[in-house]
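The values are calculated or read from the model by the stated rules, or taken from the named source; none is laboratory data. Since this is a predicted model, take the numbers as computed values, not measurements. Quick reminder, even Gly has a Cβ in these numbers, built from the backbone with ideal geometry, and neighbours come from all protein chains shown.
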Amino acid sequence: MEKEKRIALLIDAENTSVKYIDSIFMELKNYGMVTYKRMYGDFTSKTLSEWNHKALTYAVDPIQQPRYSTAKNAADIMLVIDAMDIMYTKNVDMFCIVSSDSDFTRLVNRISEEGIEVIGMGKSDASKTLKAACTIFKNLDIIGEPDVDESEGTSKNGSSRRSGSGAANPEKNITPMREIKKSMAEIVRENENQGDRTGLGGLKSSIQRIYKDFDERNYGYSSMSKFVQALQDFELAQERSTVYVSLKHELTGEGDVKNRILDMLKKGPMEMGYLGRILHNYYPDFDIKKYGYSQLSTFVGSMNGVVVETSESGNGKVARLQ
């Protein structure tokens, strides 16, 4: 059984609304066990008084740090000092830094240099530099909002319309879906070209490496599978406990299929079974009989400039360019 990851949670209370505290802990349940729970600020101030009350529910330790001057944020400095102390103890596997302050970018980079993952949590308009430094960045003003009914303004695709009169619209700060869709298609297509299949979980991990703040809930979808289905250019297929993603392709003409085979054979000879798997990955409804052939080897052998011969092992056939 895989060991549960230990997480150090450090909250910049002066930069984060207390209304997100439930969402913060709900998110971290997906990653491991929170072993350090600390929040930083001047809790004698009226603006942070509610943090003291709400944090009791989760036994978060308040690190009281009064402001010594108006020009310096002593709480931020204390958070950095504690983070470095915790990092050097090597008692945690992951950090969660809750803040939208770009000043923490160097801290996140330093923790990452030690090979420790960092989850960032903050507002969607946090600096791109801070988001990029984190392993994953969660937009609290999006995923931390409660779902609303259709009557309260839920869009037809399930995404909530949170931008009311005079309110900020956090969706404008996230990566457009069309950009996510393009990157997803490139990942799936590259795997198909190599004869590999793309798992749904692996696809999400790859997208998160490109877009650190990617989360399907940013777009109003409760699961990755629903997000992918909404894009309409992909198909999902479940085999046992794994869900695979493939591109939707219309069965193209015989000439287009042959051109694709020629492109693949330019890389070198290819076993017929392997070639068939790639074609089925690229064309999910591929059926050689639709072209009037009973076997793939006969179809490939009919192509100009291609030779199909018995493999050296004698257990199958290989196609190659003449």
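Details
- Thr47 meets the conditions (1) touching a Lys or Arg at 6+ places or on another chain (Cβ under 9 Å); (2) farther than 21 Å from Phe137 by Cβ; (3) surrounded by 12 or more Cβ atoms within 10 Å (Cβ to Cβ) in every case but one. The failed one is (1).
- Residue within the range 92-102 that is closer than 17 Å to Asp12 by Cα, assigned to a helix (DSSP H, G or I), in contact (Cβ under 8 Å) with a residue 12 or more places away in the chain and polar (S, T, N, Q) present: yes
- Scope the range 12-30; condition more than 15 Å from Thr47 (Cα to Cα) and among the β-branched types (Val, Ile, Thr); matching residues: Ile21, Ile24
Okay, residues lined up against (1) part of a loop (DSSP other than H, G, I, E, B); (2) not hydrophobic (A, V, I, L, M, F, W, C):
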| site | (1), (2) |
| --- | --- |
| Ile207 | no, no |
| Asp213 | yes, yes |
| Val228 | no, no |
| Gln238 | no, yes |
| Tyr244 | no, yes |
| Lys258 | no, yes |
| Gly268 | yes, yes |
| Leu279 | no, no |
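- For Arg110: the one exception among (1) charged (D, E, K, R); (2) out of contact with any Lys or Arg (no Cβ under 9 Å at 6 or more places or on another chain); (3) not in a helix (DSSP H, G or I): (3)
For every residue, the table says whether it meets (1) modelled with pLDDT under 95; (2) small (Gly, Ala, Ser); (3) more than 17 Å from Asp215 (Cβ to Cβ).
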position: Ala59; (1), (2), (3): yes, yes, yes
position: Pro66; (1), (2), (3): yes, no, yes
position: Ala74; (1), (2), (3): yes, yes, yes
position: Ile77; (1), (2), (3): yes, no, yes
position: Asp85; (1), (2), (3): no, no, yes
position: Arg110; (1), (2), (3): no, no, yes
position: Ile119; (1), (2), (3): no, no, no
position: Ile143; (1), (2), (3): yes, no, no
position: Asp147; (1), (2), (3): yes, no, no
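- Top-ranked residue of the range 164-188 - restricted to ones that are among the small types (Gly, Ala, Ser) and in a helix (DSSP H, G or I), ranked as modelled with the lowest pLDDT: Ala185
- The range 192-208: number of residues that are at pLDDT below 90 and either farther than 13 Å from Val245 by Cα or touching a Gly at 6+ places or on another chain (Cβ under 9 Å) (or both): 3
- Among the residues making up the range 89-100, those that are more than 15 Å from Ile63 (Cβ to Cβ) and either surrounded by 19 or more Cβ atoms within 10 Å (Cβ to Cβ) or modelled with pLDDT of 95 or more (or both) are Val92, Asp93, Met94, Phe95, Cys96, Ser100.
- Filter result for Asn218 (surrounded by 19 or more Cβ atoms within 10 Å (Cβ to Cβ), of a type outside the set (A, V, I, L, M, F, W, C) and either in the same structural domain as Ala185 (by TED's automatic domain parsing) or on the phi < 0 side of the Ramachandran plot (or both)): yes
- Close pairs from the range 189-203: first touching a residue at least 40 places away in the same chain (Cβ under 8 Å), partner part of a helix (DSSP H, G or I) and basic (Lys, Arg), Cβ under 7 Å, at least 6 apart: Gly195/Arg277
- Search result, residues across the range 221-236 that are within 30 Å of Lys266 (Cβ to Cβ) and buried (at least 18 other Cβ atoms within 10 Å of the Cβ): Phe234
- Within the range 240-259, the set of residues being modelled with pLDDT of 85 or more and within 24 Å of Lys181 (Cβ to Cβ) comprises Thr242, Val243, Tyr244, Val245, Ser246.
- Filtered residues of the range 194-215 (kept if of a type in the set (S, T, N, Q) and surrounded by 15 or more Cβ atoms within 10 Å (Cβ to Cβ)): Thr198, Ser206, Gln208
- Hey, Phe286 buried (at least 16 other Cβ atoms within 10 Å of the Cβ) and closer than 26 Å to Glu186 by Cβ or not: yes
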